[in-house]
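S.K.: I have a structure here, written as structure tokens, and I will follow up with some questions on it.
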Amino acid sequence: MIRGSDSRRKLGMILGGIVAVVAIVAGVVWFSPLFVVKEVKVDGVVHADAEALKEASGIAPGQKLASLDTSGAARAVASQPWVSKVTVSRSWPSAATITVSEYVPVLFMRATDGDHLFSDSGDEFLTAPPPPGVIEMVDVPRVDQPADGKIDPQPRVVESVLTVLNALPAPVRDRVERVSARSASQVRLLLRDGFEVYFGSADNVGEKAKAAEIVLKRGEKAWDVSNPRMPVTMG
């Protein structure tokens, strides 16, 4: 009995010591001027304004690192242009880090209020001048009731355009300047050098892409590869 009592007493002392140490550490982290925000870092920015992201986060120098509302800061940053995904984390001992994944601009459509950018997943995410290499999309029908500030082309048509573009070999994709798509089954590529290729639908898109690469090496400038086994020139 005596031995058991001694063991429990020792265990209690050890646990009490651990609790005391944890409390001291927590107090130091919470109250010490060493563990405050001295820097806000931004990672992953290509097009976005890093300073605007810092401001939107609401994180400022001097804030206690332990009490930062990282979830709230992330939600605020997520509303900023170009931001697709974001996380906000503490970087001990004295920094907060905002890590963003940006939308990848692939397409744009012109409108009276500017150029509307679309991501590689078909999201209409920003009205701004397109970066170099972004392809213009024309003739695309819109939904009946577009959201405020958006063009809102029909999603099936945008999906068909992206499927065709993603299937193109790099030498062909790099030449595409515009894509005309009056419907999901009427996709036409307009190239920078005056060539054009009619794909029709996105069915058998891999075969059509290979056919396009072959016929574009010939002299005729307008081709129909909607039947990839029998490409024909267009007058």
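The values are calculated or read from the model by the stated rules, or taken from the named source; none is laboratory data. Every value quoted in this text rests on a predicted model; they were computed, and no experiment measured them. Here Cβ is always computed from backbone atoms with ideal geometry, including for glycine, and neighbour counts include all displayed protein chains. Ligands, DNA and RNA are excluded from the accessible area calculation, which covers all protein heavy atoms including side chains. Shrake-Rupley method; radii C 1.70, N 1.55, O 1.52, S 1.80 Å.
S.K.: Only one of these conditions is not met by ALA96: (1) at pLDDT 95 or above; (2) surrounded by fewer than 18 Cβ atoms within 10 Å (Cβ to Cβ); (3) among the small types (Gly, Ala, Ser). Which number is it?
M.R.: If we test ALA96 against (1) at pLDDT 95 or above; (2) surrounded by fewer than 18 Cβ atoms within 10 Å (Cβ to Cβ); (3) among the small types (Gly, Ala, Ser), just (2) comes out false.
S.K.: What number of residues in region 153-180 are more than 15 Å from TRP223 (Cα to Cα) and touching an Asp or Glu at 6+ places or on another chain (Cβ under 6 Å)?
M.R.: 2
S.K.: Identify, please: which residue in region 75-88 is buried (at least 16 other Cβ atoms within 10 Å of the Cβ) and more than 15 Å from the chain's Cα centre (by Cα) and is, among those, nearest to GLY58 (Cα to Cα)?
M.R.: Across region 75-88, the extreme among qualifying residues is ALA76.
S.K.: In addition: Among the residues of region 124-143, are any without any contact (Cβ under 8 Å) to a residue 24 or more places away in the chain, of a type in the set (A, V, I, L, M) and over 27 Å from ASN204 (Cβ atoms)?
M.R.: Yes: region 124-143 contains one or more residues that are without any contact (Cβ under 8 Å) to a residue 24 or more places away in the chain, of a type in the set (A, V, I, L, M) and over 27 Å from ASN204 (Cβ atoms).
S.K.: Okay, next question. When you check LYS54 against the structure, is it over 22 Å from GLN154 (Cβ atoms), open to solvent by 30 Å² or more (accessible area, probe 1.4 Å), in a strand (DSSP E or B) and free of Cβ contacts under 8 Å to residues at least 60 places away in the same chain, yes or no?
M.R.: Details: over 22 Å from GLN154 (Cβ atoms): yes; open to solvent by 30 Å² or more (accessible area, probe 1.4 Å): yes; in a strand (DSSP E or B): no; free of Cβ contacts under 8 Å to residues at least 60 places away in the same chain: yes.
No; evaluated as a whole, the condition is false for this residue.
S.K.: Find all pairs meeting these conditions: Cβ atoms under 6 angstrom apart; at least six residues apart or on different chains; first residue within region 72-83 and closer than 15 Å to ASP49 by Cβ; second residue buried (at least 18 other Cβ atoms within 10 Å of the Cβ) and of a type in the set (Lys, Arg).
M.R.: none
S.K.: Being open to solvent by 80 Å² or more (accessible area, probe 1.4 Å) and either among the hydrophobic types (A, V, I, L, M, F, W, C) or in contact with a Leu (Cβ under 9 Å, 6 or more places away or on another chain) (or both) is the filter here; which residues of region 182-235 pass it?
M.R.: ILE214, LYS221, MET230
S.K.: Given the structure, is PRO153 crowded, with 19+ Cβ neighbours inside 10 Å, free of Cβ contacts under 8 Å to residues at least 40 places away in the same chain and either out of contact with any Cys (no Cβ under 9 Å at 6 or more places or on another chain) or among the acidic types (Asp, Glu) (or both)?
M.R.: Details: crowded, with 19+ Cβ neighbours inside 10 Å: yes; free of Cβ contacts under 8 Å to residues at least 40 places away in the same chain: no; either out of contact with any Cys (no Cβ under 9 Å at 6 or more places or on another chain) or among the acidic types (Asp, Glu) (or both): yes.
Answer is no for this residue.
S.K.: Please determine whether any residue of region 27-49 is touching a Leu at 6+ places or on another chain (Cβ under 6 Å), closer than 30 Å to SER121 by Cβ and either modelled with pLDDT of 90 or more or not in a loop (DSSP other than H, G, I, E, B) (or both).
M.R.: Yes: one or more hits.
S.K.: Anything in region 68-86 that is in contact with a strand residue (DSSP E or B) (Cβ under 8 Å, 6 or more places away or on another chain) and either over 24 Å from ALA128 (Cβ atoms) or among the small types (Gly, Ala, Ser) (or both)? List them, or say none.
M.R.: At the first step, the residues of region 68-86 found to be in contact with a strand residue (DSSP E or B) (Cβ under 8 Å, 6 or more places away or on another chain) are 68, 70-71, 73-74, 77-78, 81-86.
Correct list: LEU68, THR70, SER71, ALA73, ALA74, ALA78, SER84.
S.K.: What's the total number of residues in region 104-144 that are aliphatic (A, V, I, L, M), in a strand (DSSP E or B) and open to solvent by 40 Å² or more (accessible area, probe 1.4 Å)?
M.R.: From region 104-144, those aliphatic (A, V, I, L, M) are 104, 106-107, 109, 111, 117, 126, 128, 134-135, 137-138, 140, 143; that's our starting set.
Applying the additional criterion that residues be in a strand (DSSP E or B) yields 106-107, 109, 111, 117, 126, 135, 137-138.
Next, from what is left, pick out any that are open to solvent by 40 Å² or more (accessible area, probe 1.4 Å): 111.
The qualifying residues number 1.
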